[in-house]
Amino acid sequence: MALTPRLDLRQGQALVMTPQLQQAIKLLQMSSIELTAYVDGELEQNPLLERDETASDDEPAAEDVVAEPAEAAGPDEDRRDIDADSADAAETWHEEAGREGEGNLDYAGDPEAWRTRNGVAAADGLPGLDQTLTRPISLREHLLEQLAVEVHDPADRVIGSHLIDMVDEAGYITSDFAAIAELLSCDVPRIEKTLALLQRFDPGGVFARNLAECLALQLKERDRFDPAMQTLIENLPLLANRDAQQLMRICRVDAADLAQMVAEIKALNPKPGLAFDKAAPEVVVPDVLLRALPDGSWAVELNSESLPRVLVNNRYYAEVSEAARNKKEKEYLSERFQSANWLVKALHQRATTILKVSREIVRQQDGFLRHGVQHLKPLVLRDIASAIEMHESTVSRVTTNKYILTPRGIYELKYFFTSAIAAASGEAHSAEAVRFRIRSLIEAEDGEILSDDRIVEILMKEGIDIARRTVAKYREAMHIPSSVRRRREKALQL
């Protein structure tokens, strides 16, 4: 066959991911925090975009999705009470501010002076209000304050300061003393002597090198570190396994004394440093709000506070377009105008899609919303996708890092998707509902400690077809000990 150049015409189909489509997909899977940061970046880059501070008339409205009686009450009365309290508080504040202004004519008659007084640059040289904000003291600061008071030798202070820098957030020190001694040009016994001084600092147990030493330091502070307790601390693995017989033998105590010793250990703090440097709790802002209507149906609406609103400034675009002097400027303005319009459209499409998926989830999980987790239905992405005629990948992106506020609390949309457990007859059971039932059975244990086999028998009688290994897997996932350990805990009254 001869190899010659030639021209062929072929026809085919291919999915092309345009930049606009990629942006829409990216926006869809963003959380509210990520979306806000992205929109803020676009507002800085695009001069034709501006933030809409007013309520949008085009925002997707709420829809009644379940037309049955609901037990949950609407929050309208509470909202009116809060608004009234806020108004009273604001009125009281203005009255107090007025009285303060009467006694301080310099600031009451000069708003600019008042702003300066409460800012960084104060007229009288005193710090402004923004410079007097308090914050919790850190563990390192707390230890350094004690070091300055309790340790007088300059060399010991240097060693102590270095050891304080080696303490982790839990209050433990795991550094190699030989390396510290070489760094500070001193011997290891000198470091250990300084460490013994630091181990008397508050909080009790700080500067420990392991858990046993941490507990021992706290017991010594309470004058409860007797030989029996010392033996118990040296055998923490046996205590973790609840081996009461072995512990009573090596500690030479009876069951009552052992139970009392264990109770004292449980009252100690295994991580004393965590009392400081507490991480600020992350506040979850729901993307969707669910409330009950008087007629018993549910109203699903988007949370306007989590939705960034942007507008395209058409008037400014018209003005700068007329003033454009060359082709490059006109192309730039046209590209920015198209990008702004597409962003507004993508944000609206994202909101509409989230609302559509949330409505269908509420419709299918009505039993959970009314009666609790035991009525949670098995649900997969395919069920929602087929009901709203969307692709499963779209539903997956919508439910990722999106939260809904319900009368039962705030839940991630992913929470409502659970696998199915076969039933002896009738509909299948949700895996989450089965886990809830297993936890309820174990928490209700009184005289009899339920083994995994016994739990399987009880669930079988309730119509839940489940294997023993599945019960064990769910129990371990919920950090519930085995029946043997629970029986030992009950014997020791732990």
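Laboratory data are not the source of any read-out in this text; all were calculated from the coordinates shown. On a predicted model such as this, the values are computed, not experimentally measured, just so you know. Don't worry about glycine lacking a Cβ; one is built from the backbone with ideal geometry, like all the others, and counts go over all protein chains shown.
Count Lys and Arg as plus one, Asp and Glu as minus one, and take only other residues whose Cβ is under 10 Å from that of PRO378; the net charge is then -2. Taken as Cα centroids, region 228-253 and region 1-38 sit 65 Å apart, rounded to the nearest whole angstrom.
What FRET efficiency comes out for GLN374 versus ASP8 if R0 is 45 angstrom and r is the Cβ-Cβ distance? Round to the nearest 0.05. Intermediate values should be presented prior to the final figure.
Numbers: r = 65 Å, r/R0 = 1.44.
Working from the Cβ atoms, E equals 0.10.
Between rounded, prolate and oblate, where does region 139-275 land on the alpha carbon gyration tensor, with a ≥ b ≥ c its root eigenvalues, rounded for a/c under 1.5, else prolate if a/b exceeds b/c? It comes out prolate by the Cα gyration axes.
Comparing PRO481, ALA431, ALA420 along the charge dipole axis of region 420-492, the residue lying farthest to the positive side is PRO481, per the Cβ-charge model. Placing +1 on each Lys and Arg Cβ and -1 on each Asp and Glu Cβ, with no other charges, gives region 322-454 a dipole about its Cα centre of roughly 1000 debye.
Listed by chain and number, the lysines whose alpha-carbon sits under 29 Å from that of LYS490, ignoring those within fewer than 8 places in the same chain, are LYS220, LYS266, LYS271, LYS461, LYS473. Highest mean first, the peptides 142-155, 208-221 sorted by other C-beta atoms within 10 Å per residue fall in the order 208-221, 142-155. The chymotrypsin sites (Phe, Trp or Tyr not before Pro) of region 153-239 that DSSP puts in a loop, and whose beta carbon has at most 16 other beta carbons within 10 Å, are PHE225. Applying the criteria of a DSSP loop state and at most 16 other Cβ atoms within 10 Å to the GluC sites (Glu not before Pro) of region 390-494 yields GLU427, GLU445, GLU448, GLU462. The residue list LEU343, PHE368, ASN314 was ranked by how far each Cα lies along the charge dipole of region 280-393 toward its positive end, using unit charges on Cβ atoms, and ASN314 comes out on top. Scanning residues 5 or more positions from THR418 or on other chains, those with amide H under 5 Å from its amide H are LEU379, with H placed 1.01 Å from N in the peptide plane.
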